[in-house]
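Participant: I have a structure I would like to understand better, so I am pasting it below and will then ask my questions one at a time.
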Amino acid sequence: MNAPAPTDPGTPPKRRIRGRALIPLAVLAPVVLAGCQLPSFGAYRGATSQGQDAFKLWQGFFIAGLVVGGFVFLLIVWAVFRYRKNKKSEGLPRQTQYRPMIEVLYTVIPILVVMGLFAFTVITENEVDAVPSTKVTIDVTAFQWGWQFYYPATGKVVIGQTLQQPQMVLPVNEAVTIHLESADVYHGFYVPAFNFSRYAAPGYVNTFNFNVLHTGTYRGQCTQLCGLYHSLMLFSVRAVSPGVFETWVHRTSGHHPTIGQLKNQIHASGPGA
Amino acid sequence: MRNESLILLGVAIFFGFIGLVYWFTSYEDGGTAMLVGTCLLGLLPGSYYLFWHRRMGFRPEDRDDATIEDGAGEVETFPSSSIWPFVLGMGAFMLVLAFAFGMWFFFPAVGLIVTALVGVTAESRRGGHV
Amino acid sequence: MTDVITPTTTGDGAHGPSVVDVAGHEHEEHGPTGLLKWVTSTDHKVIGMSYMITSLVLFYFAGIMALVLRIQLATPSSSLVSFAQYNELFTMHGSLMLYLFAGPFAFGGLANYIVPLQIGAPDMAFPRLNALSYWLYLSGSITMMMGFLVAGGASEFGWVAYAPLSNATNSPGLGPDIWIMALVLTGFSAIFTGVNLVATIFYLRAPGMTMFRMPIFTWNMLVTAILILIAFPVLTGALVMLFCDRHFGTHIFSVQGGGSPNLWQNLFWFFGHPEVYILALPYFGIATEIFPVFSRKPVFGYKGMVFATLSIAALSTGVWAHHMFTTGVVLLPFFSLLSLLIAVPTGIKFFNWIGTLWRGQLQFSAAMLFAIGFLFAFLMGGVTGVMLASPPIDFFTHDTYFVVAHFHQVLFGTAVFAGFAGLYYWYPKFFGRMLREGLGKWHFWLMFIGFWVTFMPQYVVGLLGMPRRVAVYPSYLGWQSYNIISTVGAFIIATSFAVLLWNLWISWRQPVPCGDNPWDAHTLEWFTTSPPPHHNYSHLPPIRSERPTWDYHHPDSPAIAHGEGRPPRGDKVLVSP
C-alpha cells in the first residue's frame, strides 16, 4: 500500500495516544473518579458533534458492561475456586434447585438495566440521526471501487477510485448534509474518527448530517464487502475553515472521468493503473 | 399433549402480537409477512395438538405418576435399515447439480427420485425391508 | 427388516426402584454389513455419528482456511493469496463454519444421537427421513466444497451473499450457483431434522417423562428445532429467488427491474438471526448438562432455564434487522429494544449456571473445563453483543473487526468450547471408552489461551477502524501489531486442535474402557449400556424427576422433583444424608 497517508486527528494526537494506552488499564480499573475525564475505552472521541454523542453513549455502555460483566466474571471465578471438590467434601452437596427470590431478583434487575440502556440509546439515536436542513449539501455516490463527491450548489465534482482515493472537503463547525447512495452494490461509508458509518445502497438515498468540530484530514473506507477491490476502496474527508471551503468549492473541477469510465478502467487494468 | 400445544400456541400469540406492533410502527411488508407466517406456523399445529389433547386426555408421557408399565403396547414401527433414503438423497444431489452444471444431470436425478419414492412406499406397505 | 417395539411388563424388584423391560425380544441388528450397512442404516446413533464426523472434518477444513486468512493479515499488504482468493476463503470459512459445522454438529450430530436416548425413545420418530437428512447434508457439503474446483473459483460474496453483489453481473460463474445449491440441500436437511426432532420429543417420550422432566439439552433441542422450522424455509426460499434472479430473468432483488435489494437482507437476516441461536441454544444445552453432573447437584432454576430458552428463541426471531441498522431504512428503536431484551433471558441462564456451580463439589474433568471456558467466552461475547444492540454504537462498529471479534467470541464460545465439552462428555457413551483426560486438558488450555490472544486484539483494531473482509490494509495506521498478535493466537488454537486429533487417535488405538456411566451422570442416556444397543433400551428405570439415572443410582439422595418439581419449602428439605 503506497497510498498517501492522511494525517488523522480524529482526536487531537496527544489524547488519542492516551486513549490507546488506556485500553489495558480500562479492563483493569473499572472505576474512574468523578470529575476526571473518562477514558475513551479504545474508541475515537468523535470529530463531529454527532460522533461525540455516540462516543458518550459508548462510554456509558462500556462502563455498564464492565460493571455487569465484571460482577458475573467474579461470581464465576469465585464459584470455580471456592467449590472445588476436595478431601473435605463428604457425601453429597445440598441438592438446591429453586430459590424463587433470587431468581426473581436476577430477572427484574437486568430488565431495569436494559430499560436504562434503551432510554439512553433512543436519546443518542435521535441526536445522531437528526437531519435539519443545512447550507452545504454533498451528494456522495459509491461505486465499485471508488467514490464520487458532488456539490450541487456549484456543480463541483471530486471522483476517484482505489489508489487514487478521492477527498471530500467540507467546512468546519457547520452542519453539512450528506446524501449517500450507490451506483451498483451495497457499500459502507465509514469515517472511523466520526464514529459513524452508513450503507451506500442501490435504489434509495440515505441522508445524514456531519458537524465537524476540528479542521484536519480524516480517513475513510468502505466497510461493506463490495467485490474484488473492497480492501482498496479508501477516501478521506478534509475539514477546512468556511472561507477556504467557499474558495475551494467555487473553483471549477475541470475535466474528470465519469463513474462508468473509472469502472471500465479498473475492470480492464486493475487498481494499479 | 397440552404443554406441547401450549408451546406452539405461545409461538403464535407472541408473533401475532409482534407482527401487529411491527406493522403499525413500520408499515414494512416483508418483515410483517414473515412474522405473520411464523404466527401461522405456531397456530396450525398448536391448535391441532390442542384438539387431540381434548380427545385423548393425558398420555402416559404427560403424567407425573405414570409407570413404565403404563406405556405397554406397541410403541411404533421402526425400519431398521433402508436403502431408499440414500437413493432419494443422491437423486436430490443430481437434481441440484442439474441446476448448476446443466440439464443432462436432470434425467438420472428424476430416475433416482422416482425409484426411491416407489421403493420407500412399497417398503412401508410390505412392512419389511426390500 | 422392521423392529416392532412391544414393551412387556416384567417387574424386577430385586434392587431399589423397580426396573421394567420395555422390549420383549433381543435387540440385534439385522440386515447388511460393512459399507452397505452404513449406507442403509436408519439408526439414529449411526446417523448422528456420521453427522458428527462429517462436520468435524469440515471444521478442520474451515480452520485451515482461517489460518491462511490470518497469515495474510499478519502483514499489511501480503501477497500470499490474491484478492479474489481471499474473498473466496473467508466466504467458504464462514459458510463451512456456520452452515456445515456449528449447526449440523449440534442438531444433526449430538441431538440425533442424544435426544432419543435422553427421553427413552428407541429411535427418532422418522428414521428414514433422518437418513435422508444426512444424505442431503453430505451431498450439500460435497457440493459446497466443489466450489473450489470449478472455473472461476468458489463464491466470493461472503456468507451473507448480499444482493446485488450476488447477482449474475457482479458474481458471474458457477461458484455462486454451486454455493446456492449446496445451501438448498443443507437447508432441506435441516428442516427435515427439525421436523424429526419435534415429532420425536412430542411423541416418543417414555412414560413419566413429562415435558418438565426432560433434560435441558432436550428442551433446547426442541426449541432449536422450532427455530429451524421458522428460519430455514425463509433462507431456502430466498436462495431460490436469488437463483431465479441469476438465471431466469426475474428482478426480485435488483433495482433496475423494480425489485428491492433490501428485501434480500430482510429475508436473509430473518433466517440469519434465529440461525445464530440455532447455533447457540444446543450448546447452551450441552453446558447445562455438564455443570450439574460435575457439581453433583441438580440444574439450578430448571423451570427458569426452560422459560429463558423459550424467550430467547422468541425474541431472536424479532430482531433480524439489528444486522441492518446502517442500511438507514429499518425501525431502529423496535429492533434495538428487542435485541437488548435478549440480554435478560441470557442473563438468567448465566445466573442459573452459576447457581448450579454454587456450593457444589466441582470436578474439573476436561468436559467441565471446556464448559467453564464457554462461560467466560460467552460472557465476553454477550457483553459486546449488548453494545452492538445500540444503533449509535453499531454505526461505528458495524462491519469492523469489533463485530468480527464479537461473533467469534459468541460462536467460538458456544460451538467450539461447549461443543467440545459435549464431545469429551459423551464420548464414553458413544464408544464405551474414555478420551484421554490429560490430553483433553492440554487441548483446553491451549485453546483457551489461543482464544483470548486471537480475538481480544480484534476488538481494539476494530475500534481503530479496521473493516472486516479486507485482504490488505494501510501500513501507517498501527493495525499490524494487533493483527500479528491475533495470528499468533490463531496458531495456538490450531495447535490445540492438533492435540485433539492426537487424543482421538491414541484413545482409539489404546482404548481405556469405561463403565456405562463413568461420570455418575443424571440423565437417562447414561442408564443404558455404552455404547447403547440397537434401539437403545432393554429396560428403563422409573422416571420421577428430571434425573432418573441419578435417582436410580442414589436411592438415598432425596428426590428433588415431586409433582411440579418444586420441594415444599425452598431448598431446605433437600439436605443430603
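Participant: Please specify each residue of the stretch A:189-216 satisfying the condition of being over 26 Å from C:PRO261 (Cα atoms), within 17 Å of the chain's Cα centre (by Cα) and part of a strand (DSSP E or B).
Facilitator: If the condition is that a residue be over 26 Å from C:PRO261 (Cα atoms), within 17 Å of the chain's Cα centre (by Cα) and part of a strand (DSSP E or B), then A:PHE210, A:ASN211, A:VAL212 are the ones that fit.
Participant: OK, next. Scanning for something free of Cβ contacts under 8 Å to residues at least 60 places away in the same chain, part of a helix (DSSP H, G or I) and surrounded by fewer than 23 Cβ atoms within 10 Å (Cβ to Cβ), does the stretch C:355-365 turn up at least one residue?
Facilitator: no
Participant: Which fully enclosed strands (runs of 3 or more DSSP E) of the stretch A:58-172 have 2 or more residues being of a type in the set (A, V, I, L, M) and in contact with a Ser or Thr (Cβ under 9 Å, 6 or more places away or on another chain)?
Facilitator: Per the criteria, A:136-143, A:156-161.
Participant: Answer yes or no as to whether C:LEU501 is closer than 30 Å to C:GLY450 by Cα and either at pLDDT 90 or above or away from chain A (no Cβ under 14 Å) (or both).
Facilitator: yes
Participant: Here is a list of conditions, (1) within 30 Å of C:GLY259 (Cβ to Cβ); (2) assigned to a strand (DSSP E or B), and A:ASP184 meets all of them except one; can you say which number that is?
Facilitator: (2)
Participant: Right, something else. Using the structure shown, decide if C:GLY175 is small (Gly, Ala, Ser), part of a helix (DSSP H, G or I), more than 10 Å from chain B (Cβ to nearest Cβ) and touching a residue at least 12 places away in the same chain (Cβ under 8 Å).
Facilitator: Judged against the criteria, C:GLY175 is not a match.
Participant: So, C:PRO428, is that one closer than 19 Å to A:GLY46 by Cβ and assigned to a helix (DSSP H, G or I) or not?
Facilitator: no
Participant: Which ones in the stretch C:123-142 are facing chain B (nearest Cβ under 8 Å) and part of a loop (DSSP other than H, G, I, E, B)?
Facilitator: Correct list: C:ASP123, C:ALA125.
Participant: Still on this structure, I have one more. Working only within the stretch C:429-481, note down all residues that are under 29 Å from A:GLN164 (Cα atoms) and either among the aromatic types (Phe, Trp, Tyr) or away from chain A (no Cβ under 13 Å) (or both).
Facilitator: Correct list: C:TYR473, C:TYR476, C:TRP479.
Participant: Can you name the helices (runs of 4 or more DSSP H) wholly within the stretch B:28-130 that have at least 2 residues being more than 11 Å from every other protein chain (Cβ to nearest Cβ) and of a type in the set (D, E, K, R)? Spell out how you get there, then give the answer.
Facilitator: Details: elements: B:29-56, B:84-101, B:106-126.
So the answer is B:29-56.
Participant: Could you tell me whether any residue of the stretch C:484-495 is in a helix (DSSP H, G or I), free of Cβ contacts under 8 Å to residues at least 40 places away in the same chain and surrounded by fewer than 21 Cβ atoms within 10 Å (Cβ to Cβ)?
Facilitator: Looking for residues that are in a helix (DSSP H, G or I), free of Cβ contacts under 8 Å to residues at least 40 places away in the same chain and surrounded by fewer than 21 Cβ atoms within 10 Å (Cβ to Cβ), one finds at least one in the stretch C:484-495, hence yes.
Participant: Hey, another quick one. Read through the list (1) within 14 Å of chain A (Cβ to nearest Cβ); (2) surrounded by fewer than 19 Cβ atoms within 10 Å (Cβ to Cβ); (3) touching a helix residue (DSSP H, G or I) at 6+ places or on another chain (Cβ under 8 Å), then give the number of the only condition that C:GLN256 fails.
Facilitator: Every listed condition holds for C:GLN256 apart from (3).
Participant: Then there's this: Within the stretch B:17-39, which residues are surrounded by 15 or more Cβ atoms within 10 Å (Cβ to Cβ) and either in contact (Cβ under 8 Å) with a residue 24 or more places away in the chain or acidic (Asp, Glu) (or both)?
Facilitator: Residues satisfying the conditions are B:GLU28, B:THR38, B:CYS39.
Participant: Tally up the residues in the stretch C:110-161 that are farther than 29 Å from C:ASN266 by Cα, of a type in the set (Gly, Ala, Ser) and within 22 Å of the chain's Cα centre (by Cα), please.
Facilitator: Here the count works out to 3.
Participant: Here's something else I'd like to know. Given the condition modelled with pLDDT of 90 or more and of a type outside the set (Gly, Ala, Ser), answer yes or no: does some residue in the stretch B:117-129 qualify?
Facilitator: Checked the stretch B:117-129: at least one residue is modelled with pLDDT of 90 or more and of a type outside the set (Gly, Ala, Ser).
Participant: Let me ask something else about it. Scan the stretch A:170-192 for residues that are more than 7 Å from chain C (Cβ to nearest Cβ), touching a Pro at 6+ places or on another chain (Cβ under 8 Å) and of a type in the set (A, V, I, L, M, F, W, C) and report the count.
Facilitator: Counting residues in the stretch A:170-192 that are more than 7 Å from chain C (Cβ to nearest Cβ), touching a Pro at 6+ places or on another chain (Cβ under 8 Å) and of a type in the set (A, V, I, L, M, F, W, C) gives 3.
The values are calculated or read from the model by the stated rules, or taken from the named source; none is laboratory data. It should be emphasised that the depicted structure is a prediction, and the values quoted were computed from it without experimental measurement. Note that we place each Cβ from the backbone using ideal geometry, even for glycine, and neighbour counts take in every protein chain shown.
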